[in-house]
Amino acid sequence: MSAPMSAARFLQALHDEGLTVVTTPGWETHNRNHKGPWGPVHGVMIHHTVTGPKVDGVAICRHGYQALPGPLCHGVIRRDGSVHLVGYGRTNHAGNGDPDVLQAVIDEKALPTDNEATKDGNRHFYGFECENLGDGVDPWPAAQLDAIEKAAAAVCRVHGWDERSVIGHLEWQPGKSDPKGFTMASMRARIADRLDDKPKPGPKPGPRPKPYAPPAFPAGLAPGRAKPSARALQRVLKTTGFMPKATPEADNYGPVTEASVNRFHASHPQYRAAGKTYDPAIGPKGWAYLHRLAYGR
């Protein structure tokens, strides 16, 4: 069960589906709501206007006839694929139809044969009239069929319905033939393809790499010593730019290494010994940070 969209949301849904939409003055409040409720809505109904190319189907659907006042639908789909909105709310398009068909639409199941006309359809269906003579000879331009597909899909997309929520007038009310010239089965197949045309999920991300773990601090590493070797410290200092790259590596933790470590501490004083302005000695925390700076990802 779905509450009808607001008129603004309906218009936006059609635009979002890529349709060319033309609005007639006051369409948002032009309806037959004084004759009965509008909603809950369960589906979309497609019709043909029984008008030729020289007849203004939009005007007829907006104003209706003496015996059947307008609006006669929510939107008129012209031969060029444009959708003209003529009313919103309860409109005179569906009439009474088969309650078993309505239940099948609600359940999104295969439609039974319509053999009754006892259920109010104007309350429960969005309606689109499509300009065509409906004689089975008048052609249906590709742009118009595309627009029917898009308009129905737009409504279904908002309500979370599938293509089985879209029916023709001939499937609802005994004796009706519209739309004639294409089958509703073929149109539902098109709508299903459109509703399924969603961005495909990308590949699942692989396992996250383990965070970089710096090598253990060589116990006893200190200025003026050759054991343990200072080569690893010199290598990481050169990688991070604190020691000139041309400096030869050596086991000895000599003056060039000391000056380079002090430059590191000047840039990262949080690793410098408390109270010192010149600190040539690398500690375990500074060692670990230097390696993460150089090799961490």
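On the given criteria, is I106 out of contact with any Asp or Glu (no Cβ under 6 Å at 6 or more places or on another chain), open to solvent by 20 Å² or more (accessible area, probe 1.4 Å), of a type in the set (A, V, I, L, M, F, W, C) and more than 26 Å from G136 (Cβ to Cβ)?
yes
Looking only at region 56-65, count how many residues are open to solvent by 10 Å² or more (accessible area, probe 1.4 Å) and in contact (Cβ under 8 Å) with a residue 12 or more places away in the chain. Please lay out each step first, then the result.
Just the residues of region 56-65 that are open to solvent by 10 Å² or more (accessible area, probe 1.4 Å), to begin with: 56, 58-60, 62-65.
Still in the list and also in contact (Cβ under 8 Å) with a residue 12 or more places away in the chain: 58, 60, 62, 64.
Residues meeting the conditions: 4.
Mind listing just one residue for me: the one in region 205-244 that is among the hydrophobic types (A, V, I, L, M, F, W, C) and over 20 Å from N262 (Cα atoms) and, of those, modelled with the highest pLDDT?
Filtering region 205-244 for residues that are among the hydrophobic types (A, V, I, L, M, F, W, C) and over 20 Å from N262 (Cα atoms), the one modelled with the highest pLDDT comes out as A216.
Based on this model, can you work out whether D138 counts as in a loop (DSSP other than H, G, I, E, B), open to solvent by less than 50 Å² (accessible area, probe 1.4 Å), modelled with pLDDT of 95 or more and touching a helix residue (DSSP H, G or I) at 6+ places or on another chain (Cβ under 7 Å)?
Details: in a loop (DSSP other than H, G, I, E, B): yes; open to solvent by less than 50 Å² (accessible area, probe 1.4 Å): yes; modelled with pLDDT of 95 or more: yes; touching a helix residue (DSSP H, G or I) at 6+ places or on another chain (Cβ under 7 Å): no.
Answer is no for this residue.
Restricting to region 162-196, give me the number of residues that are open to solvent by less than 50 Å² (accessible area, probe 1.4 Å) and basic (K, R).
Going through region 162-196 one residue at a time, the tally reaches 1.
Pick out the one residue from R9, R32 that is under 23 Å from G97 (Cα atoms), under 34 Å from the mean Cα position of the chain (by Cα) and among the basic types (K, R).
Values: R9 fails: under 23 Å from G97 (Cα atoms).
When all the criteria are applied, what remains is R32.
Test T247 against the stated conditions and say whether it is open to solvent by less than 60 Å² (accessible area, probe 1.4 Å) and modelled with pLDDT of 90 or more.
Considered against the rule, which asks whether it is open to solvent by less than 60 Å² (accessible area, probe 1.4 Å) and modelled with pLDDT of 90 or more, T247 comes out as yes.
Do the conditions hold for D196, that is, is it within 20 Å of H15 (Cα to Cα) and not hydrophobic (A, V, I, L, M, F, W, C)?
Working: within 20 Å of H15 (Cα to Cα): yes; not hydrophobic (A, V, I, L, M, F, W, C): yes.
It is true that D196 is within 20 Å of H15 (Cα to Cα) and not hydrophobic (A, V, I, L, M, F, W, C).
Look through region 229-261, keep the residues that are of a type in the set (G, A, S) and not in a loop (DSSP other than H, G, I, E, B), and return whichever of them is farthest from T277 (Cα to Cα).
Taking region 229-261 as the starting set, the residues that turn out to be of a type in the set (G, A, S) are 229-230, 232, 241, 246, 250, 254, 259-260.
Among the residues that remain, those that are also not in a loop (DSSP other than H, G, I, E, B) are: 232, 259-260.
Values: A232: 25, A259: 12, S260: 14 Å.
By that ranking, first place goes to A232.
The values are calculated or read from the model by the stated rules, or taken from the named source; none is laboratory data. Note that this is a predicted model, so its numbers are computed, not measured. Cβ coordinates were reconstructed from backbone atoms using ideal geometry, including for glycine residues, and neighbour counts include every protein chain displayed. The accessibility values were calculated without ligands, DNA or RNA, using every heavy atom of the protein model including side chains. Shrake-Rupley method; radii C 1.70, N 1.55, O 1.52, S 1.80 Å.
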